[in-house]
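Chemist: For reference, the structure I am asking about is given below.
The values are calculated or read from the model by the stated rules, or taken from the named source; none is laboratory data. All values reported here derive from a predicted model rather than from experimental measurement. Using ideal geometry, Cβ is built from the backbone for each residue, glycine included, and neighbour counts are taken over all protein chains shown. When the accessible area is computed, the model is the full protein with side chains, heavy atoms only, and any ligands, DNA or RNA have been set aside. Shrake-Rupley method; radii C 1.70, N 1.55, O 1.52, S 1.80 Å.
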Amino acid sequence: MRFGIYAEMQTPPGKSHYEMTWEILRQIEHADAVGFDVYSVIDHHFFQKFSISANPLAMFAAAAQRTRKIRFRTALHTLPLENPLRLAGMIAEADILTNGRLECGLGRGHAWLFGPANVPLEESKPRYDEAIQILIGCWTKRPFSFHGKHYSFDNVTVAPEPRQKPHPPLFTGGTSDSTYQMAGERGWGMFVPPLLPWKALEGPLNIYKKACAAHGHQPNIVYIRPVYLGDDEKQIRHEVEQALHNFLAFNASPVESLQGEAKQAELRAKGYGFYASGALESLTKLTYDEIVEQEIGFIGTPAKVIRQIENLQSKGGIGELAIVSNFGGLEHWKSIKIQQLFATQVMPAFRGEAGKGRPAAS
């Protein structure tokens, strides 16, 4: 199992965007120093409590100059809002600047992004489908032609070429069964939402694993959980409780822009029923004890979290546990503490002595 870190760059009101960005960059440096495999950052606009990560490729290009081994992954590029020809070139350049350490998540995007971006919601799926064909075509055929409903061009050669051939590894994520089916058929890695308990994910992940098996692929599930570690349960709760509640609240906060019966009906009709289900809002009502008991967060002593990861491994298909170490306005020192304790007291249980001995960043 790989161990990664996932960041949304959640930013509470009053927090400096400059400060948040540089804290994340320092946390990436630390993650590399203590032995994490990959750092994933969301691609998201318009809602600062949810995320200020407007250009993850720029973040990765900067971080690559300050790190040695850690890989970088966008989770996920919002394809319907992008020009796929331009995005293909930008991804290729970032792959060069990271010296082939880039991985790409490709998604339809959250429903609340389409209004501010002035893109009709009903175009999300067809634009997404066409963009995938264009990205892969541009990376594998030179020149490349395409004629679809939303994009049409002849004999275009995208430059530069990516360092990795034929292109960086691909992932997707989401809440619809069709996304899990598609990912399994294509052999892509699969992100799961960081908020939902295993019982809500088991059905879609079974679809993914069956599709992988039917098409000769190994499942590669990226399981995301906020993590907080310590030796004393009371002290852990004191240090993380508010940030954990904020994590859920900040994730649900953009739903406020999707209210009203007409908008809810539109969401259900256009393939975004999850956002009309009330699932995100219901998470904000959970108590701290419920969040911990349902394992929405892996919170506790290193020994407890090791047991939780072993149980997760037994379910099969989990390629990576991506911990969330920066969430809900958590202070920078706490994020570093999580990464340090996880690397030194949890990861060695799954890697043996080889996982020890990499120095921490100063």
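Okay, residues lined up against (1) without any contact (Cβ under 8 Å) to a residue 12 or more places away in the chain; (2) farther than 26 Å from residue 209 by Cα; (3) touching an Asp or Glu at 6+ places or on another chain (Cβ under 7 Å):
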{"site": "241", "(1), (2), (3)": "no, yes, no"}
{"site": "249", "(1), (2), (3)": "no, yes, no"}
{"site": "265", "(1), (2), (3)": "yes, yes, no"}
{"site": "280", "(1), (2), (3)": "no, no, no"}
{"site": "284", "(1), (2), (3)": "no, yes, no"}
{"site": "298", "(1), (2), (3)": "no, no, no"}
{"site": "311", "(1), (2), (3)": "yes, no, no"}
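Chemist: Out of the residues in region 185-230 that are aromatic (Phe, Trp, Tyr), at pLDDT 95 or above and not in a strand (DSSP E or B), state the one that is surrounded by the fewest Cβ atoms within 10 Å (Cβ to Cβ).
Modeler: By that ranking, first place goes to 188.
Chemist: Go through (1) under 24 Å from residue 250 (Cβ atoms); (2) open to solvent by 50 Å² or more (accessible area, probe 1.4 Å); (3) not small (Gly, Ala, Ser) and name the single condition residue 99 misses.
Modeler: Unmet for residue 99, out of (1) under 24 Å from residue 250 (Cβ atoms); (2) open to solvent by 50 Å² or more (accessible area, probe 1.4 Å); (3) not small (Gly, Ala, Ser): (1).
Chemist: Among the residues of region 111-120 satisfying the criterion of being touching a residue at least 60 places away in the same chain (Cβ under 8 Å) and open to solvent by less than 50 Å² (accessible area, probe 1.4 Å), which is farthest from residue 255 (Cα to Cα)?
Modeler: Narrowing region 111-120 to residues touching a residue at least 60 places away in the same chain (Cβ under 8 Å): 111-113, 115-117.
Checking which are open to solvent by less than 50 Å² (accessible area, probe 1.4 Å) leaves us with 111-113, 117.
On the way: 111: 9, 112: 7, 113: 10, 117: 16 Å.
Selected residue: 117.
Chemist: If you don't mind, another one. In region 330-362, which residue that is part of a loop (DSSP other than H, G, I, E, B) and at pLDDT 95 or above is farthest from residue 205 (Cα to Cα)?
Modeler: Out of the qualifying residues, it is 331.
Chemist: What do you reckon, is residue 272 buried (at least 19 other Cβ atoms within 10 Å of the Cβ), within 25 Å of the chain's Cα centre (by Cα) and at pLDDT below 90?
Modeler: Values: buried (at least 19 other Cβ atoms within 10 Å of the Cβ): yes; within 25 Å of the chain's Cα centre (by Cα): yes; at pLDDT below 90: yes.
Answer is yes for this residue.
Chemist: Testing residue 199 on (1) under 25 Å from residue 311 (Cα atoms); (2) of a type in the set (Lys, Arg); (3) in contact (Cβ under 8 Å) with a residue 12 or more places away in the chain; (4) out of contact with any Phe, Trp or Tyr (no Cβ under 6 Å at 6 or more places or on another chain), one condition comes back false. Which one is that?
Modeler: It fails just one condition, (3).
Chemist: When residue 257 is evaluated against the numbered criteria (1) in contact (Cβ under 8 Å) with a residue 12 or more places away in the chain; (2) polar (S, T, N, Q); (3) open to solvent by 40 Å² or more (accessible area, probe 1.4 Å); (4) within 26 Å of residue 342 (Cβ to Cβ), which criterion, by number, is the only one it fails?
Modeler: Of (1) in contact (Cβ under 8 Å) with a residue 12 or more places away in the chain; (2) polar (S, T, N, Q); (3) open to solvent by 40 Å² or more (accessible area, probe 1.4 Å); (4) within 26 Å of residue 342 (Cβ to Cβ), only one is false for residue 257: (4).
Chemist: Mind listing whichever residues of region 275-298 are in a loop (DSSP other than H, G, I, E, B), at pLDDT 90 or above and either surrounded by fewer than 19 Cβ atoms within 10 Å (Cβ to Cβ) or of a type in the set (Phe, Trp, Tyr) (or both)?
Modeler: 285, 286, 287, 294, 295
Chemist: When you scan region 316-329, do you find a residue that is surrounded by fewer than 21 Cβ atoms within 10 Å (Cβ to Cβ) and without any contact (Cβ under 8 Å) to a residue 40 or more places away in the chain, even just one?
Modeler: Checked region 316-329: no residue is surrounded by fewer than 21 Cβ atoms within 10 Å (Cβ to Cβ) and without any contact (Cβ under 8 Å) to a residue 40 or more places away in the chain.
Chemist: Can you report the number of residues in region 165-184 which are touching a helix residue (DSSP H, G or I) at 6+ places or on another chain (Cβ under 6 Å), open to solvent by 20 Å² or more (accessible area, probe 1.4 Å) and within 21 Å of residue 100 (Cβ to Cβ)?
Modeler: The number of residues fulfilling the criteria is 2.
Chemist: Taking region 2-22 only, how many residues are surrounded by fewer than 21 Cβ atoms within 10 Å (Cβ to Cβ) and in contact with a helix residue (DSSP H, G or I) (Cβ under 8 Å, 6 or more places away or on another chain)?
Modeler: Summing the residues that are surrounded by fewer than 21 Cβ atoms within 10 Å (Cβ to Cβ) and in contact with a helix residue (DSSP H, G or I) (Cβ under 8 Å, 6 or more places away or on another chain) in region 2-22 gives 2.
Chemist: Criterion first (modelled with pLDDT of 95 or more and in contact with a strand residue (DSSP E or B) (Cβ under 8 Å, 6 or more places away or on another chain)) does residue 86 satisfy it?
Modeler: no
Chemist: Which one is nearest to residue 97 (Cα to Cα), of the residues in region 48-72 that are touching a residue at least 40 places away in the same chain (Cβ under 8 Å) and among the hydroxyl-bearing types (Ser, Thr, Tyr)?
Modeler: Result: 53.
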